[in-house]
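See structure below.
The values are calculated or read from the model by the stated rules, or taken from the named source; none is laboratory data. All of these numbers come straight from a predicted model, not from anything done at the bench. Cβ placement follows ideal geometry from the backbone for every residue including glycine, while neighbour counts extend to all protein chains displayed. Protein only, heavy atoms only, side chains kept; ligands, DNA and RNA dropped before computing areas. Shrake-Rupley method; radii C 1.70, N 1.55, O 1.52, S 1.80 Å.
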Amino acid sequence: MGLEKMGVILGFVGFLMLNELLVCMAQGNVHYYDFVLKETNFTRLCSTKSMLTVNGSFPGPVIRVNKGDTVYVNVHNQGQYNVTIHWHGVKQPRNPWSDGPDYITQCPIQPGTNFTQEIIFSTEEGTLWWHAHSDWSRATVHGAIIVSPAAGTTYPFPQPDAEETIVLASWFKGDVPAIIEEALNSGGEPNQSDAFTINGQPGDLYNCATDAESIYRILVDYGRTYLLRIVNAVMNEEIFFGIAHHNLTVVGLDGAYIKPITTDFIMITPGQTMDVLITANQSLSSYYIAASPFFDGESQFNNSTTTAILQYNGNYTPPASPPMPTLPRYNDDGSAMNFTARLRSLASEEHPISVPQNITTRMYVTVSVNQLICPERNCSGPNGNRLSASLNNISFVPPPISVLQAYYRNISGIFDKDFPNEPPYYFDFTQPNMPSNLSVPTQGTKAKILNYNEVVEIVFQGTNVLNSAENHPMHLHGFSFYLVGMGVGNFDDQTDPGRYNLVDPPEVNTIGVPKNGWVAIRFIADNPGVWFMHCHLERHSSWGMDAVIIVKNGSTSATSMRPPPAYMPPC
């Protein structure tokens, strides 16, 4: 072989190697984590209990990546219960196999076994989180995901001097799996939590929580700016959050940037994450960080306040009692809705958005708390019946195997493909004292089938069935969507679309449907697979406020769902 010919061949091989390297670089770095689920003893509020954790910590470990990276997490279940892990807000392009909700995309990881999940990051940037997605185990099994800008890029705001992760959560003195099991057996409300926590600590306002170890402290230096990465992992309440005497500048939401808004409080729903800047520009002292519930429904809820301390470094005499932020009243739905209405996508040249315009599929989905009839009227719900919940008057029934497995392998009888585009009948959804016949849903395991690249608009309509209207944080797996509209009362398809924001709506994965109101979202169905859609108030999801969206494959392998990994947990 001549030297010239050999040089051409080596050059071609080098080109292939360079091309492969560039592809790998374009896909980002690869990270590996081990999550060991095990029972761990914790003492809070003068009470010790054993609870399921990841790697013995509450909240669990933080996953740190850059935009476009891939993560492999080997989940070892050394606990007593079946469990799954969901990577909340990660789109998982073409990879529903590792999304995590039990009996939707996989069967649970059984005690004594393990399952390696592949988490593929794409366009997300900012703060997300991971949590268990089986029964109520997410109460103690959760943690933050930090997605930093890709190499060679930076934040669309001045570089903060430091950052702090804040995870808001619920604390139950009792055994959480037993609490939801008892409620589902009786048909009544589950016991409410005993406290809220900030990074695992309840603060010093609860009984038996006055020692220094019961409150989380953030140390700051005067004049510096801090990026707070806030996760709401609370089970059943939305949260107002603030820091005494300090403004909050919200710059990110659900893994996407927004136009900065300055406020003295935020309203963050379960499932949502926010990136917030604060500048330590007050007198050297200590200041309360506080989180209290927003709850505008009629049922019982945890109306308590969890606290942490923002503590300045330096020489000063700490106050006997730090100042407390002024937060809205627990049922101030006006403040909650007005805060959400201020959110706008950054929509810059470096962070563009593309709001879908030409809708091909429209869905009008009613969101309701219902009842199922107990023949003997001996259940613990309203009128001696069983509490339930629904989307479009269908209360979701978990299947015996995962919907994804049934869909991929064409196994019949597991789910129905006829989730409707609208409710079975129309009436004044927000009226009080509805006839009792409107409160009983049908039951089923139903999916909405979408063609690849369908352009979808969903209007979620809150209802007052059972006189139980409240805010519902709706979450869609596999996608971020644009919140293009929001309002009170019944949605009017003639006038309300004229008020949509189609210029810079926020791009989110979880959004609160206002009490007796509606939200309109839009997205392009460009992620083939099986994806869960549900309320992120855990008791509502347990009662059936869930549905499945299936996006069919496109016409090429690059627009089709990936094949399953070599091992999936068996049922």
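Points to keep in mind about this one:
- Within-11-Å neighbourhood charge of V459 [Cβ basis; K, R +1; D, E -1]: -3
- Per-peptide average of other Cβ atoms within 10 Å, ordering 134-140, 435-441 highest first: 134-140, 435-441
- The residue among T53, G126, N82 whose Cα reaches farthest toward the positive pole of the charge dipole of the range 34-129, with charges on the beta-carbon of Lys, Arg, Asp and Glu, is T53.
- For K67, the aspartates and glutamates whose Cα falls under 13 Å of its own Cα, not counting residues fewer than eight places away in the same chain, are E124, E125.
- Taking the 1.4 Å solvent-accessible surface of the chain as the whole, the part contributed by carbon and sulfur is 50%.
- Charge dipole (debye, nearest 20) of the chain; +1 at Cβ of Lys and Arg, -1 at Cβ of Asp and Glu: 620 debye
- By average C-beta atoms within 10 angstrom, highest first, the peptides 472-478, 350-356: 472-478, 350-356
- With 0.36 nm allotted per residue and the present C-alpha distance subtracted, the T113-C208 stretch has 30.3 nm of extension available.
- Fraction of antiparallel bridges per DSSP, the chain only, in percent to nearest 5: 70 percent
- Of G188, F295, Q311, farthest towards positive along the dipole that unit charges on Lys, Arg, Asp, Glu beta carbons give the range 156-349: Q311
- With contacts taken as Cα pairs under 8 Å and at least 6 residues apart, the range 156-349 reaches a relative contact order of 24 percent.
- FRET efficiency, R342 to E376 (Cβ-Cβ, R0 56 Å, nearest 0.05): 0.65
- Short-range pairs are left out: with C-alpha atoms under 8 Å and at least six residues apart, the relative contact order of the range 361-559 is 27 percent.
- Accessible area expressed per residue, the chain, with surrounding protein chains retained (probe 1.4 Å, Å²): 40 Å²
- Working from label points 7 Å from Cα in the Cα-to-Cβ sense, the R224 to Y72 distance is 3.7 nm.
- Paramagnetic label zone (point 7 Å from Cα along Cα-to-C-beta, N451; backbone N under 12 Å) in the range 357-385: 360-361
- Restraint check, K446/K552; K38/K91; K259/K552; K91/K173; K259/K446, Cα-Cα greater than 26 Å: K38/K91; K259/K552; K91/K173; K259/K446
- Placing +1 on the Cβ of every Lys and Arg and -1 on the Cβ of every Asp and Glu, with no other charges, gives the range 361-559 a dipole of roughly 460 debye about its Cα centre.
- Working from Cα pairs under 8 Å separated by at least six residues, relative contact order for the chain is 14 percent.
- Computed over neighbours whose Cβ is under 9 Å from that of S122, the net charge equals +1, Lys and Arg +1, Asp and Glu -1.
- Restriction of the chymotrypsin sites (Phe, Trp or Tyr not before Pro) in the range 470-501 to DSSP coil positions whose beta-carbon has at most 12 other beta-carbons within 10 angstrom yields no sites.
- In a fully extended conformation the segment linking C571 and S299 would gain 94.4 nm over its present Cα-Cα distance, using 0.36 nm per residue.
- Most tightly packed first, judged by the mean number of other beta-carbon atoms within 10 Å of their residues, the peptides 187-194, 311-318, 53-60, 529-536 read 529-536, 53-60, 187-194, 311-318.
- Cβ charges +1 (Lys, Arg) and -1 (Asp, Glu), total dipole of the range 19-145, debye: 340 debye
- Only helices enter this figure: runs of n ≥ 4 DSSP H residues, each worth -39500 (n - 2.57), summed and divided by the residues of the chain, yield -3000 deg cm²/dmol at 222 nm to the nearest 500.
- All other residues whose Cβ lies under 10 angstrom from that of G174 are scored, Lys and Arg at +1 and Asp and Glu at -1, for a net of -1.
- The value given for the range 26-153 is a Kirkwood hydrodynamic radius of 15.0 Å, derived from the mean inverse Cα-Cα separation.
- Screening the chain for whole DSSP H helices with an alpha carbon extent of at least 20 angstrom along the helix axis and a mean Kyte-Doolittle hydropathy of at least 0.0 yields 3-26.
- Rounded, prolate or oblate (a/c below 1.5 giving rounded, otherwise prolate when a/b exceeds b/c) for the range 125-241 by Cα gyration tensor: oblate
- Selected from A525, L327, Y452, residue furthest toward positive end of dipole (the chain; charges at beta carbon): Y452
- Label of the coordinate-derived value, Cα extents along the principal axes in Å, listed as [x] 97, 61, 39; [y] 81, 55, 50; [z] 88, 68, 54: [z]
- Loop-resident trypsin sites (Lys or Arg not before Pro) (DSSP state other than H, G, I, E or B) in the range 347-427 with no more than 14 further Cβ atoms inside 10 Å of their Cβ: R377, R409, K417.
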